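The values are calculated or read from the model by the stated rules, or taken from the named source; none is laboratory data. Quantities reported herein were computed from a predicted structural model and do not represent experimental measurements. In this analysis, Cβ positions are derived from the backbone assuming ideal geometry, glycine residues included, and neighbour counts consider all displayed protein chains.
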Amino acid sequence: MLLIHARRHARTGPDGVALLLEQQDRARWDHAMIGEGAALVVAALRGGPPGPYGVQAAIAALHDEAASLAGTDWPQIVALYDVLLALDPSPVVALNRAAAVAMRDGPAAGLALLDGLADEPRLRGYHPYLLARADLLHQLGHLPEAAAAYHAALDAAGSEPERAHLRRRLTAVDGS
């Protein structure tokens, strides 16, 4: 929780709209809290076989310790998602793994994994799945498909800050 909470001051812009990890000012992250959280992760993982919370914390530590999005250890994050998927074979974990694979191997690889999850009932209408798919389609230059996916994500978004974020992403794709 420390590792997630350490980023709280950078998660939204001055207008209250959510910022993606790559948009966040890492100088606003609480680095003392990150250090404390990372030390707790190391201690927890040395204490025996990792459980799902320990693996999730290790993933958060890798995000928090990276100087930039590009400097993130994506191969290690994918490996940790592989462990987490074995411990907790849920579609949400598979979704997060697909996003990490996209960062490691490119958007086409991530999109192929997401498309493999398309029939998963628990992801139908799930805003983060729809958004991830839209973003990868956008990155690949499939703009009409990306716009449709952003519209679906917008329909599924649960809060106004999420909808505002999606409207910005949609404007970048189709100018609407």
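With without any contact (Cβ under 8 Å) to a residue 12 or more places away in the chain and touching a helix residue (DSSP H, G or I) at 6+ places or on another chain (Cβ under 6 Å) as the only criterion, which of ASP88, ASP73 stands out? Residue meeting the stated conditions: ASP73. Scanning region 12-65 for residues that are assigned to a loop (DSSP other than H, G, I, E, B) and either at pLDDT 90 or above or at positive phi (or both) gives GLY16, GLN24, ASP25, TRP29, ASP30, GLY48, GLY51.
Note on region 66-99: residues that are acidic (Asp, Glu) and outside any helix (DSSP H, G or I) amount to 2. From the list ASP115, ASP82, which one is under 30 Å from ALA152 (Cβ atoms), in the same structural domain as ALA146 (by TED's automatic domain parsing) and either aliphatic (A, V, I, L, M) or at pLDDT 95 or above (or both)? Checking each option against the conditions leaves just ASP115.
For region 154-176, the criterion of being part of a helix (DSSP H, G or I), polar (S, T, N, Q) and over 21 Å from ALA109 (Cα atoms) is met by at least one residue.
Is region 113-132 home to any residue that is surrounded by fewer than 17 Cβ atoms within 10 Å (Cβ to Cβ), more than 27 Å from GLY51 (Cβ to Cβ) and hydrophobic (A, V, I, L, M, F, W, C)?
yes
Between a first residue in region 95-107 that is under 8 Å from TRP74 (Cβ atoms) and outside the structural domain of LEU131 (by TED's automatic domain parsing) and a second residue that is aromatic (Phe, Trp, Tyr) and part of a helix (DSSP H, G or I), which pairs have beta carbons less than 8 Å apart while being 6 or more apart in sequence or on different chains? Nothing qualifies. For region 35-75, a tally of residues being touching a Leu at 6+ places or on another chain (Cβ under 8 Å), more than 18 Å from GLU22 (Cα to Cα) and not aliphatic (A, V, I, L, M) returns 7.
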